[in-house]
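Chemist: One structure coming up, written as structure tokens, with questions to follow.
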Amino acid sequence: MSSGHGTVVAFVTLISGLFVAIVGLATGWPLWAWPAAGALLVGTALGLLRLLRPREDPLGKQYTSCPDLPIDPPERREERLTAVTLHSAEADYDFLFSAVVRWRPLVEPLCSPSPGALAVSAVVERAAQLTRRLPPDRSSLGQYQLRGVLAAMAPEPTGQVEAMAEHVSLTLAESDARRLERLATVRKEESVWEHERRWETSRREYLGGDVLQDPGRAVVWWLSRNNDDVRRTVDDIDLLARLSSAANNQRVPEEFKDLVHPLAAAPEPEASPAAGTWAAPDPVSTAAEHVEEALREWGWKTGDPETAYATQNFAELLRHMGKEQDADQLLQHFLGPEWPTEPPEETPDGTDTAPPPTDEDMFTRPAAPEPPSDPGTQDDPPPDEPGNAA
């Protein structure tokens with residue numbers, strides 16, 4: 001009997017004694033009834049202790065002749081694998097397989113002295129069957145597939161143990177991963193280049209074999225590209241005919257020669273000094289000629305007073321800029337060779353020593369012209385009336 005059973009019996013006996021005492025005092029028991037009640041309580045407690053005592057095993061250890069033997073330690077039924085190389089679907093690229101192999105025996109006694117080796121071999125073979133079909137750049141996908149395949153216990157070929165794997169890891173060497181990344185980049189670039197090459201080849205075939213096959217097709221194509229702009233297409237027939245003929249390595253057809261403008265003749269080469277003749281050098285345009293061309297574009301004439309006045313102002317601007325020679329050349333070109341090449345000298349009192357202008361100077365050196373009056377404000381002569389005819 002345990003100590004807990006004795007505590008329960010003592011507690012029940014105490015509660016029962018208190019209950020009997022309360023009942024005896026309340027009912028006024030005689031004196032001889034108290035010893036009888038106490039004897040009854042003690043007998044009840046001893047009976048409870050006897051009933052709660054456990055029975056002894058007749059075959060217990062204390063009755064055996066052999067001493068107790070030590071308990072064997074539990075057999076460790078797991079093996080750890082680290083970085084086992086497994087073939088992939090591509091040669092020279094191997095996976096690194098790591099896992100914890102767990103196993104249990106199927107028969108007793110085991111014939112193999114190393115059942116863990118049987119379990120490891122079975123797990124590795126199951127993993128290799130999957131990785132042989134897996135591309136090397138899909139190691140992360142293969143890791144999750146292996147976790148599902150190796151998560152269930154399966155017997156090995158000899159039938160002695162069954163094994164499974166946990167904490168499965170499948171990786172690729174860093175050097176191999178870098179090589180695969182470079183190869184993938186090259187394949188992508190090659191694919192893009194191949195598409196661009198086919199697109200360019202198709203475009204050349206379209207232009208050379210269809211659009212520029214003859215000038216007529218080129219004109220129709222250009223008309224459709226310019227939103228039916230007929231005027232622009234007609235202006236470009238010359239260019240389209242030449243382009244089509246050049247694309248086909250042939251001359252412009254006879255029916256388009258009237259629409260093709262002749263090209264400017266190339267300048268003849270100058271004779272070399274050894275030939276004994278020298279070609280005259282091309283005239284070099286001067287600044288004055290450029291100014292004259294600009295004035296002609298603006299509608300001014302060389303002999304007009306406005307032109308002379310503008311020339312003098314422009315020459316003064318050149319003198320302020322320090323270009324005395326260009327200013328003299330400009331004045332002599334527009335106002336005649338008799339125009340003085342140097343500005344008049346000033347006397348100490350501030351007056352210049354230039355001679356008084358002549359009639360010709362008044363024409364070649366005019367003052368600022370007055371602005372022309374508005375044609376609309378001029379008085380028109382009254383029309384001839386019958387009464388004023390006489």
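The values are calculated or read from the model by the stated rules, or taken from the named source; none is laboratory data. Just so you know, these numbers come straight off a predicted model, no measurement behind them. Every residue, glycine as well, gets a Cβ built from its backbone with ideal geometry; the counts of neighbours run over all protein chains shown. Surface accessibility is based on the protein's heavy atoms, side chains included, excluding ligands, DNA and RNA. Shrake-Rupley method; radii C 1.70, N 1.55, O 1.52, S 1.80 Å.
Chemist: Which residues, taken from the stretch 210-236, are closer than 17 Å to P253 by Cβ and either in contact with a Pro (Cβ under 7 Å, 6 or more places away or on another chain) or of a type in the set (S, T, N, Q) (or both)?
Modeler: Across the stretch 210-236, the qualifying residues are Q213, P215.
Chemist: In the list R204, R225, R187, which residue meets the criterion of being of a type outside the set (S, T, N, Q), closer than 30 Å to L134 by Cβ and open to solvent by 100 Å² or more (accessible area, probe 1.4 Å)?
Modeler: Answer to the selection: R187.
Chemist: Further question on the same structure: Kindly indicate whether any position in the stretch 190-200 is of a type in the set (S, T, Y) and under 22 Å from the mean Cα position of the chain (by Cα).
Modeler: yes
Chemist: Something else now. Look at R80 and say whether it is within 30 Å of S98 (Cα to Cα) and at pLDDT below 70.
Modeler: No: the conditions fail for R80.
Chemist: Pairs needed: first member in the stretch 101-113, over 20 Å from V124 (Cα atoms) and at pLDDT 80 or above; second member anywhere, among the polar types (S, T, N, Q) and part of a loop (DSSP other than H, G, I, E, B); C-beta distance under 6 Å; at least 6 residues apart or different chains.
Modeler: Correct list of pairs: V107/Q160.
Chemist: Within the stretch 189-219, work out how many residues are aromatic (F, W, Y) and closer than 22 Å to D236 by Cα.
Modeler: Counting residues in the stretch 189-219 that are aromatic (F, W, Y) and closer than 22 Å to D236 by Cα gives 1.
Chemist: Of the numbered conditions (1) at pLDDT below 90; (2) aromatic (F, W, Y); (3) open to solvent by 60 Å² or more (accessible area, probe 1.4 Å), F256 satisfies every one except a single condition; which is it?
Modeler: Exception for F256: condition (3).
Chemist: Restricting the search to the stretch 148-189, which residues are among the polar types (S, T, N, Q), over 27 Å from the mean Cα position of the chain (by Cα) and over 17 Å from D92 (Cβ atoms)?
Modeler: Correct list: T158, Q160, S169.
Chemist: Would you say V123 is open to solvent by less than 50 Å² (accessible area, probe 1.4 Å) and of a type outside the set (F, W, Y)?
Modeler: yes
Chemist: Just to verify a result, which residue in the stretch 207-217, among those that are assigned to a helix (DSSP H, G or I) and in contact (Cβ under 8 Å) with a residue 12 or more places away in the chain, is surrounded by the most Cβ atoms within 10 Å (Cβ to Cβ)?
Modeler: Result: P215.
Chemist: So which pairs qualify, if the first residue must be in the stretch 25-47 and outside any helix (DSSP H, G or I), the second must be not basic (K, R), the Cβ gap must be under 9 Å, and the two must be at least 6 apart or on different chains?
Modeler: Qualifying pairs under 9 Å: W29/V23; W29/A37.
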